[in-house]
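**Q** Dropping a structure here in structure tokens format, bear with me for questions.
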Amino acid sequence: MAGKQPVEVVVVGAGIIGLAVAWRARERGMEVTVLERERTGRATSFVAAGMLAPVAEVEFGEAGRRVLELGLRSSQLWPAFAAELERTAGVEVGLMRTGTLLLARDEDGARELERQLAFRGSLGLRVSRLRPSEARAREPALAPTLRLALEAPDDHSVDPRLVLAALRRACESAGVKVREHAEVARIERDAAGVTGVTLAGGEQVSATRVVLAAGPWSDRIEGLPAEARVPVRPVKGQILRLRDPGGPGLLGMVVRFEGGYVVPRAEGRYVLGATVEERGFAPRATVGGVYELLRDAGELLPGLRELEIEELSVGFRPGTPDNAPAIGPGAVDGLIWATGHHRNGILLAPLTAEMVVAAIEGAGTTELEHRSIAELLATCAPGRFAPGAQEAVAQGGAPVGALL
């Protein structure tokens, strides 16, 4: 790559994470090029339902609590992020602050919800127990057979497709160069660190920093030694988009149930999802997956059966071994990771962008911001997957890549 003027920051991937990173980096005065393997924002982010649900999504275990902390922080950023994006791009992003209901259809489900209520209470999260009659007062279309519900008033939703369109417009107006059909095949490096990337067609792009935000395709990019890689796998999800020919009104809040959710959109549209399948990049929808979604949702929301199917999609979430994201610098100098967000990519986009830009700038942030972001970066350190990293943490050491 000698003789070529390097780009200051190359972002690999034009989903919501990559575009949010590019926008924020450009705002800080950096020269940014985004390289997208296909079309901008048409992969994982395009299929996503867009729930901003750290409370509903929290899982047991240490990794679950790390993701919760990130989710709560990012959820707080979303209203201002959405407002700024709408002002900049001149289009709405579909932020709906409606709250979420978690539903149980039978006694087993009700017992599980009671357990989930106690768990969330132990974490200090705002969740209320609702009798069936109280839940139906909020959402009259719910089935009379409903056994129990929990209300998470701070869990909301956004329309990822509107966000992607707005981010694309904001990036381009700010001077970010977005290249489509520019698949990155290899990270290039020398003894000092990253020197750029090579595209599938052989073109080389020199760069001072490379941000790897390629979602479930991140692990397919070559050029890194085994100890510097982050294991990212695709987690398949089948999802439907539905329309009420009678217009809006069936449902106002996001509802979640064992095995799925329904997210209301504007103009009587709804998103029903999603399966969680460890099947690699299997691209086809299946009768069994769609049947189970429609069956389970229809039992709790009978009016759903009258809706029209507008779209059936398959997407691939980027999962890591602990299903927590890998964000920040790793073992190769100049390479910043922003991948592995699993079910929380839309939720974590604003915070991920701030974390990545802070990692690039280093001490350029204020001391308070630097310390706070550094703590978050440590919880997402890509180096935690390196051989021997877990043993080092257990003995009191920091995971590789945990420090700026």
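**Q** From the list 129, 209, 168, which residue is basic (Lys, Arg) and surrounded by fewer than 18 Cβ atoms within 10 Å (Cβ to Cβ)?
**A** 129
**Q** Given the condition in contact with a Gly (Cβ under 6 Å, 6 or more places away or on another chain) and among the hydroxyl-bearing types (Ser, Thr, Tyr), answer yes or no: does some residue in the range 191-213 qualify?
**A** The answer is yes, given that some residue of the range 191-213 is in contact with a Gly (Cβ under 6 Å, 6 or more places away or on another chain) and among the hydroxyl-bearing types (Ser, Thr, Tyr).
**Q** Kindly list the number of the only condition in (1) farther than 28 Å from residue 8 by Cα; (2) among the β-branched types (Val, Ile, Thr); (3) touching a residue at least 40 places away in the same chain (Cβ under 8 Å) that fails for residue 287.
**A** Among (1) farther than 28 Å from residue 8 by Cα; (2) among the β-branched types (Val, Ile, Thr); (3) touching a residue at least 40 places away in the same chain (Cβ under 8 Å), the lone unmet condition for residue 287 is (3).
**Q** To continue, here is another question. Output the helices (runs of 4 or more DSSP H) that fall wholly within the range 45-153 and possess 3 or more residues being of a type outside the set (Gly, Ala, Ser) and farther than 20 Å from residue 327 by Cα, or say none.
**A** 62-89, 107-122, 132-138
**Q** Failed condition for residue 62, given (1) under 30 Å from residue 128 (Cβ atoms); (2) at pLDDT 95 or above, with all others met?
**A** (2)
One line per residue, one yes/no per condition, for (1) at negative phi; (2) modelled with pLDDT under 95; (3) not assigned by TED's automatic domain parsing to the domain that holds residue 264:
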position	(1), (2), (3)
135	yes, no, no
139	yes, no, no
144	yes, no, no
149	yes, no, no
168	yes, no, yes
171	yes, no, yes
178	yes, no, yes
181	no, no, yes
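**Q** Can I ask one more? May I ask you to list the residues in the range 237-254 that are touching a Pro at 6+ places or on another chain (Cβ under 9 Å) and touching a residue at least 24 places away in the same chain (Cβ under 8 Å)?
**A** Matches in the range 237-254: 250, 251, 252, 253, 254.
**Q** Then there's this: Exactly one of these conditions fails for residue 98: (1) of a type in the set (Ser, Thr, Tyr); (2) more than 13 Å from the chain's Cα centre (by Cα); (3) over 23 Å from residue 250 (Cα atoms). Give me its number.
**A** Tallying (1) of a type in the set (Ser, Thr, Tyr); (2) more than 13 Å from the chain's Cα centre (by Cα); (3) over 23 Å from residue 250 (Cα atoms), residue 98 fails exactly one: (3).
**Q** Ok, one more. Report, ordered by the first and then the second residue, all pairs with beta carbons closer than 6 Å, sequence separation of six or more or different chains, a first member in the range 17-28 that is under 10 Å from residue 352 (Cβ atoms) and in the same structural domain as residue 166 (by TED's automatic domain parsing), and a second member that is of a type in the set (A, V, I, L, M) and part of a helix (DSSP H, G or I).
**A** 17/349; 20/349; 20/353; 21/353; 21/356; 24/353; 24/357
**Q** Of all residues in the range 218-258, which are closer than 30 Å to residue 294 by Cβ and hydrophobic (A, V, I, L, M, F, W, C)?
**A** Within the range 218-258, 235, 239, 240, 242, 250, 251, 253, 254, 255, 257 qualify.
**Q** Write out, first by first residue and then by second, each pair whose Cβ atoms fall under 9 Å of each other, whose residues are 6+ apart or on separate chains, and whose first residue, in the range 125-144, is more than 25 Å from residue 305 (Cβ to Cβ) while the second is in a loop (DSSP other than H, G, I, E, B).
**A** That search, which allows pairs on different chains as well, returns 125/58; 125/154; 126/153; 126/154; 127/153; 128/153.
**Q** Based on this model, can you work out whether residue 215 counts as under 20 Å from residue 310 (Cα atoms), in contact with a Pro (Cβ under 7 Å, 6 or more places away or on another chain) and modelled with pLDDT of 95 or more?
**A** Criteria not met by residue 215.
**Q** Spot the failing condition for residue 106; the list is (1) in the same structural domain as residue 251 (by TED's automatic domain parsing); (2) touching a Phe, Trp or Tyr at 6+ places or on another chain (Cβ under 9 Å), and only one is missed.
**A** With (1) in the same structural domain as residue 251 (by TED's automatic domain parsing); (2) touching a Phe, Trp or Tyr at 6+ places or on another chain (Cβ under 9 Å) applied to residue 106, the lone miss is (2).
**Q** Taking the range 34-71, which residues are surrounded by fewer than 18 Cβ atoms within 10 Å (Cβ to Cβ) and closer than 22 Å to residue 163 by Cα?
**A** Once the filter is applied, which keeps residues that are surrounded by fewer than 18 Cβ atoms within 10 Å (Cβ to Cβ) and closer than 22 Å to residue 163 by Cα, the range 34-71 yields 38, 39, 42, 46.
**Q** Scanning the range 72-114 for residues that are closer than 26 Å to residue 170 by Cα and hydroxyl-bearing (Ser, Thr, Tyr), which turns out surrounded by the most Cβ atoms within 10 Å (Cβ to Cβ)?
**A** 74
The values are calculated or read from the model by the stated rules, or taken from the named source; none is laboratory data. All values reported here derive from a predicted model rather than from experimental measurement. Positions of Cβ are generated from backbone atoms using ideal geometry, with glycine treated the same way; all protein chains shown enter the neighbour counts.
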